Amino acid sequence: MTLEAAVRLTEVLLALALIQQGLEHLAGDRRERWLFAARTLLCGLVIAGVAGPWPLVGMGGLSLLILMRFQGPYNGGSDRMGLLALWCLIAAQLLPTQPAREVAFGYLGLQLTLSYAVAGGVKLINPDWRSGRALADVFRFSAYPVSEALRGWADRPRVMRAMSWAVIGLELAFPLSLAAQPTLIAALALAGLFHLANACLFGLNRFFWTWLAVYPAIVWLQDRVV
């Protein structure tokens, strides 16, 4: 995959993810509606490939206003990854030399890899994750409306322990998948299914769309350096 193709695919996927997020604010106060309506319009221009890269620059400016409005990335990790992707894309479009653009876009792929590896390391040193107790609490106390049958899974300690170690293993092993493109594609498929399950079971839909948008960066990076 060429740099130009990977950047373009990431732009479109990120724009779609941000449109989905913006729809959540249609019922917000007037200032929020204007901010996210403007961002949605710019996302449409990105998808259409019109006036690039200036719609991305406009989205970057709006991202600063949104950060001020909510006093930070109010939705945690998914917003941080979305901001990182947006500004890496802006740099990959505007930096004056090809090597500099490659570094900016490659940094996005590197951060995606670290997002899994660091998350796995944090879970590994946490005894509640190793025992399955932390995952059981996710099932038991999820703030999103889930069925009682799903919450009942928290009462299956062996299942929770096995699932916890499966998640830890997937996250820690993710960097190893960069050794070859087939293993990377398989790892991305598993990681995507993991995010999809979280979206379906716990309502964490932002993570699915935002992380999916960044996948072209790691595919390009693996092809570029291995």
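Just so it is clear, none of the values below were taken in a lab; they were calculated from the coordinates. Worth saying up front: this structure is predicted, and the values here are computed from it rather than measured. Note: ideal-geometry Cβ built from the backbone for every residue, glycine included; neighbour counts use all protein chains shown.
So the values come out like this:
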| read-out | value |
| --- | --- |
| Cα centre as origin, Lys/Arg/Asp/Glu Cβ charges: the chain dipole, Debye | 380 debye |
| Structure-based [θ]222 nm, the chain - -39500 (n - 2.57) summed over DSSP H runs of at least 4, per residue, nearest 500 | -26500 deg cm²/dmol |
| Tail fraction, Cα-Cα pairs, the chain, threshold 21 Å, whole percent | 59 percent |
| The chain: angle of helix 205-225 to the longest principal axis, Cα-based, in degrees nearest 10 | 70 degrees |
| Cβ-based charge dipole, the range 3-225, positive-most Cα from Pro55, Gly203, Val103 | Gly203 |
| For Ala166, net neighbour charge (Lys/Arg +1, Asp/Glu -1) across residues whose Cβ lies under 15 Å away | +4 |
| Translational D in µm²/s for the range 133-226 (Stokes-Einstein at 20 °C, 1.002 mPa s, Kirkwood Rh from C-alpha pairs) | 146 µm²/s |
| Length-normalised contact order of the range 3-225 in % [C-alpha pairs under 8 Å, at least 6 apart] | 25 percent |
| Net charge of neighbours whose Cβ lies under 12 Å from the Cβ of Ala5, counting Lys and Arg as +1 and Asp and Glu as -1 | -2 |
| Segment Phe202-Val118, extension gain: residue separation times 0.36 nm, minus the distance between their alpha carbons | 28.1 nm |
| Gained length - Val138 relative to Glu4, 0.36 nm times residue gap less alpha-carbon distance | 44.2 nm |
| Spin-label proximity, Ile47 to the range 170-209 - amide N less than 19 Å from point 7 Å beyond Cα toward beta carbon | 205-209 |
| Calculated from backbone phi, Karplus (6.51, -1.76, 1.60) coupling profile of the range 159-166 in Hz, x at Gly/Pro | 5, 4, 5, 5, 5, 4, 5, 5 |
